[in-house]
Structures are given as structure tokens and as C-alpha cells.
1. Please go through (1) more than 18 Å from the chain's Cα centre (by Cα); (2) under 20 Å from residue 34 (Cβ atoms); (3) without any contact (Cβ under 8 Å) to a residue 40 or more places away in the chain; (4) surrounded by 11 or more Cβ atoms within 10 Å (Cβ to Cβ) for residue 89 and return the number of the only condition it doesn't satisfy.
2. Suppose we filter 138, 71 for residues that are in a helix (DSSP H, G or I) and at pLDDT below 90; which single one remains?
3. Filter region 105-128 down to the residues that are among the polar types (S, T, N, Q), part of a helix (DSSP H, G or I) and closer than 17 Å to residue 55 by Cβ and list them by number.
4. Looking only at region 103-124, count how many residues are without any contact (Cβ under 8 Å) to a residue 12 or more places away in the chain and among the small types (Gly, Ala, Ser).
5. Among the numbered conditions (1) in contact (Cβ under 8 Å) with a residue 40 or more places away in the chain; (2) closer than 21 Å to residue 104 by Cα; (3) surrounded by fewer than 15 Cβ atoms within 10 Å (Cβ to Cβ), tell me where residue 34 comes up short.
Amino acid sequence: MLLNNGLNGKSEDFFLSFKKFNLSVLYAFDVHCNSFFPMFVMLYVIHYFVSPLLVAHGFIPELLSNLLFMVAASYYHYLNFLGYDVLPFLERTTFFLYPIGVIIVLSPILILSGFNPSRYFMNMYFSQREQKSEPNEVRLEKGFFQCSRLIDQMELFEL
């Protein structure tokens, strides 16, 4: 809570030209929701229908997948910028466009490195992970046993 209040004061100093105006948290949330909805449509609805094409192996699916994620993230930041740029008492709102430059710089690097975000997120969403069903006490005992064994090994080297 202290961090939130501290950062809120710093952001007001950076963006507000007049101290008497107060930017509502509800307005900021509304701008976020309006910016997030097109990103949601692109990355969840459209991506769902074209995912069989995007998870295939090859350069074209990788390029299209990176392009879809790049456009969605850039459009989110652009709409976020438009939402704050409307307010007359905010200065330096172009600051909200800086992540688009980072996205533009990182996209060719990710494409050339062979990263396919569709395959990555599909693996993250649908991979089978092992569930730990043992109680916390057993896990703590195992962790303590491993730590004590490590300490014993370190003592052997300190002779």
C-alpha cells in the first residue's frame, strides 16, 4: 500500500501539469479495459481460430505468430496513449508510446531467433504438469534433508 501511494505521487509529478487535477483510478482502469479488449480479441479469439496454422513448424507460421502478438501489444499501448492523451492536464503522454519502440526492436530479434509465441503459449496453457499431492510437512522435510546433505558436502571440502 505504501509503494502504491509513493508511486502514485511520483507518476502525478511526472505527468500532471497542474497539481489541482487528480487522475481517477477508475478512469485509468477504464482506459486499460478499453485498450485491453482489442488485444483480447486478437490474442484469444482470432488466435484460437488460426492457432492450427500458427503452431506449425516453419518460418511463415513463426512470422505470422510474431506479427499477431506484435500488432496486439502495439495496439494496446497505442490505445492506452490515446486514452491519456485526451486529458488536457497531462503532459508527456508520448511516454506511453515507448513500449511500441521496444516491441518493434524485439520483433525481428525474436523472429530471427526462431521464437514462436503461439507455440510457447499453447505449451504453457495445455502442457501436463506434475501435481504435487504430498503434504507440506513432507516437502519441508525433504527440503531440510537436501539442505543438510549439501552442508555436509561443503564441510568435506573445507578440510
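1. (3)
2. 138
3. Selection gives 118, 123.
4. Residues that pass the stated criteria total 1.
5. (2)
Residues are listed down the side, and each one gets a yes or a no for (1) surrounded by fewer than 15 Cβ atoms within 10 Å (Cβ to Cβ); (2) more than 23 Å from the chain's Cα centre (by Cα); (3) modelled with pLDDT under 90:
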| residue | (1), (2), (3) |
| --- | --- |
| 7 | yes, no, yes |
| 25 | yes, no, yes |
| 66 | no, no, no |
| 79 | no, no, no |
| 96 | no, no, yes |
| 112 | yes, no, no |
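The values are calculated or read from the model by the stated rules, or taken from the named source; none is laboratory data. Since the structure is predicted, the reported quantities are computational estimates derived from the model, not experimental observations. Note that each Cβ is placed from the backbone with ideal geometry, even for glycine, and that neighbours are counted across all protein chains shown.
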